[in-house]
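Engineer: One structure coming up, written as C-alpha cells, with questions to follow.
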Amino acid sequence: MADFMLFAGNSHLEFARGIARCLNVPLHEPDEKGDRGPMIKWFSNGNVLVDVKCDVRGKQVFVIQTQAPGRALIGKNTDGTDIFGTALSVSDMIMELYWLVDTLTCAGASVRVVMPYMPYIRSDKMDHPRSSIGARIFADLLTAAGACGLLILEPHFQQIHGFFDRKKIKVDTLNMKPIFGYEILATTDRTRTVFVAPDIGEAKHLGPFVSMLGFPIAIINKDRAEDNETAQAQQLVGNVEGRDCVVIDDETMSCGTLIEAADFCQANGARSLRAAIAHPVLTSLDGLRKVQAHPLITELQVLDGIPISAEKLSICPKLRVHSVTREVAHAISILAAPPGEGHSLEAYKQSLYDPLNDLLARTK
C-alpha cells in the first residue's frame with residue numbers, strides 16, 4: 001500500500017487519472033463527496049470552497065494541477081461519465097490550487113505540488129520599471145500556502161529554483177528533451193537533419209543537447225519589440241538548405257514563433273520541419289490552422305501536461321500528443337519514497353537519457 005496520497009484540482013483530470021493508474025493508487029477528485037458536499041465547490045459569486053473528505057494528518061500528499069482553463073467537475077452519471085459545471089479560468093485554477101494546498105497543510109499533511117506547466121512562468125523578470133514579476137508572486141503565494149515541494153516539467157527558464165525559498169520549498173524539474181530526442185533520432189536521416197533554435201535564448205538551452213546528439217544547429221535571431229506574442233525573425237545563423245529541420249522549444253501559445261521559423265527555414269531552402277514543443281498552451285486556433293496549412297511543417301509533437309481539446313486536434317491533424325504520465329508518476333514515487341532506500345530523482349532524470357544514448361551508440 002502506498003504511503004502517499006494523490007489529489008487533483010480541476011485543471012487536467014485526465015492527466016491526474018493517468019498518473020494514478022501508473023502508480024496504482026486512488027485519486028481524490030474535486031467531486032469527492034461527504035456529508036457537507038463535494039471536496040471542491042465553486043459558488044455563483046466566483047468563490048471556491050475546499051473541504052477535504054478524508055484524514056490526511058501525517059500523510060505525504062501530491063496535488064496535481066497545471067495551467068489551463070477548464071470546467072469544474074461536479075459529479076458523475078450512472079455510467080461513470082463526468083458531469084461538469086462552472087467554467088473556470090486559469091486564475092480560478094490558481095486559486096483552487098492555493099486553497100487545496102492550504103487546506104491539506106492545515107489538516108496536517110505534507111504537500112507537494114505536481115504542476116507540469118507553471119502559471120506566470122514567462123513573467124520571470126522586470127521588463128519595465130513598474131511591472132510585476134508574475135513568477136515570483138506565484139512562488140511566494142504557493143510557499144505561503146504551505147507547499148513543501150514543487151515538481152514541474154521543462155521550465156521556461158533554468159533559474160526557476162531561485163524564485164523559491166529553498167529552506168521552505170524544494171523545486172524539482174524534469175527535462176523532456178531526451179524523450180523528444182529519442183523519437184526524432186529514431187525516425188530521421190542524420191545525414192540531412194539540422195536542429196533549429198527559434199531564438200537565441202532557446203539556443204542556450206538547446207546547444208548542449210544538440211552537441212550531445214552530434215547534429216548541426218542553426219539559430220534564428222528574432223526581435224520582439226513589445227510585450228506581446230509577435231516576434232520578427234531577422235537572420236539565420238547556420239545552414240538549412242536541403243535539410244530536414246527540427247525545432248525544439250519549451251512552449252507555444254499562438255504558434256507565431258513556430259510559423260516564423262518555418263517561413264524563415266523555407267525561404268532558406270529547407271526540405272521539411274518537425275517541431276517538438278513541451279507545453280502546448282495553444283491559445284490561438286488560427287495559429288493551429290496555419291501550422292496545418294504550412295507546407296514545410298510535417299509534425300507538431302507536444303506533451304500532455306496541458307489538456308488539448310478535440311477541436312484543436314481536429315483543426316491540426318499534424319498535432320501528435322506524447323504522454324508523460326509514466327515519467328511523472330515515476331518521479332512522484334521517488335519523491336514519496338522514505339529516505340535511505342537508494343532512490344534518487346537526479347539518477348532517474350539521468351536515466352531518461354539512456355535509451356537515447358543506446359540509440360546513438362547503435363547508429364554511429
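Engineer: For the range 1-96, rounded, prolate or oblate, judged on the Cα gyration tensor with a ≥ b ≥ c (square roots of eigenvalues), a/c < 1.5 rounded, else prolate if a/b > b/c?
Structural biologist: Taking the square roots of the gyration eigenvalues as a ≥ b ≥ c, the range 1-96 is rounded.
Engineer: Now a separate question. Multiply the residue gap between D79 and R192 by 0.36 nm, knock off their C-alpha separation, and tell me the result in nm, one decimal place.
Structural biologist: Details: separation 113, 0.36 × 113 = 40.68 nm, distance 5.20 nm.
Additional length available on full extension: 35.5 nm.
Engineer: If you don't mind, another one. To make sure I understand the rule: partners must be lysines, Cα under 28 Å from the Cα of K41, and not fewer than 8 residues away in the same chain. Which ones qualify?
Structural biologist: Straight-line reach from K41, under 28 Å: K33, K53, K59, K76.
Engineer: For the chain, go through all pairs of different Cα atoms, get the mean of 1/r, take its inverse, and jot down that Kirkwood value in Å.
Structural biologist: 21.8
Engineer: Related question: Using Cβ contacts closer than 10 Å as the measure, can you line up W42, W99 from fewest to most?
Structural biologist: Least to most surrounded, the residues fall as W99, W42.
Engineer: Give me the Å³ per residue figure for the convex hull around the C-alpha atoms of the range 177-323.
Structural biologist: For the range 177-323, the hull spanned by Cα atoms encloses 102 Å³ per residue.
Engineer: So who's got an amide H within less than 5 Å of the one on L151, skipping anything under 5 residues away but keeping other chains? H placed 1.01 Å off N, in plane.
Structural biologist: Under 5 Å from the amide H of L151: V113, V114, M115, D172.
Engineer: Say R0 is 25 Å: what FRET efficiency, to the nearest 0.05, do Y348 and K59 get from their beta-carbon distance?
Structural biologist: 0.65
Engineer: Separate question: So, in nm, how far is label D286 from label L49 when the simple model puts each one 7 Å beyond its Cα toward the Cβ?
Structural biologist: 4.3
Engineer: Here is a follow-up. Based on the alpha-carbon gyration tensor of the range 273-364 and its eigenvalue square roots a ≥ b ≥ c, which shape applies: rounded if a/c is under 1.5, prolate if not and a/b is larger than b/c, or oblate? It would help to have the intermediate numbers written out before the result.
Structural biologist: On the way: a/c = 4.21, a/b = 1.74, b/c = 2.43.
In terms of gyration-tensor shape, oblate.
Engineer: Rounded, prolate or oblate, given the Cα gyration tensor of the range 65-189, with a/c below 1.5 counting as rounded?
Structural biologist: oblate
Engineer: Only Cα pairs under 8 Å and at least 6 apart count here; give the relative contact order of the range 177-323 as a rounded whole percent. If you can, show how the numbers build up before the last one.
Structural biologist: Details: 277 pairs, mean separation 26.6, N = 147.
Once normalised by length, the contact order is 18 percent.
Engineer: Follow-up. Okay, helix-only estimate at 222 nm for the chain: each DSSP H run of n ≥ 4 adds -39500 (n - 2.57), divide by all residues, round to 500 deg cm²/dmol; what do you get?
Structural biologist: Dividing the helical sum by the residues of the chain leaves -10000 deg cm²/dmol.
Engineer: Provide V56, V237, V328, V281 in ascending order of the number of other Cβ atoms located within 10 Å of each residue's Cβ, fewest first.
Structural biologist: Exposure proxy ranking, most exposed first: V237, V281, V56, V328.
Engineer: Subtract the Cα-Cα distance of A267 and E14 from 0.36 nm times their separation in residues, and report this length gain in nm to one decimal.
Structural biologist: On the way: separation 253, 0.36 × 253 = 91.08 nm, distance 4.03 nm.
Residue separation times 0.36 nm, minus the Cα-Cα distance, leaves 87.1 nm.
Since every read-out is calculated from the coordinates, none of them should be taken as a lab result. As the structure is a prediction and not an experimental result, all values here were calculated from the model. We place every Cβ from the backbone using ideal geometry, glycine too, and count neighbours over all the protein chains shown.
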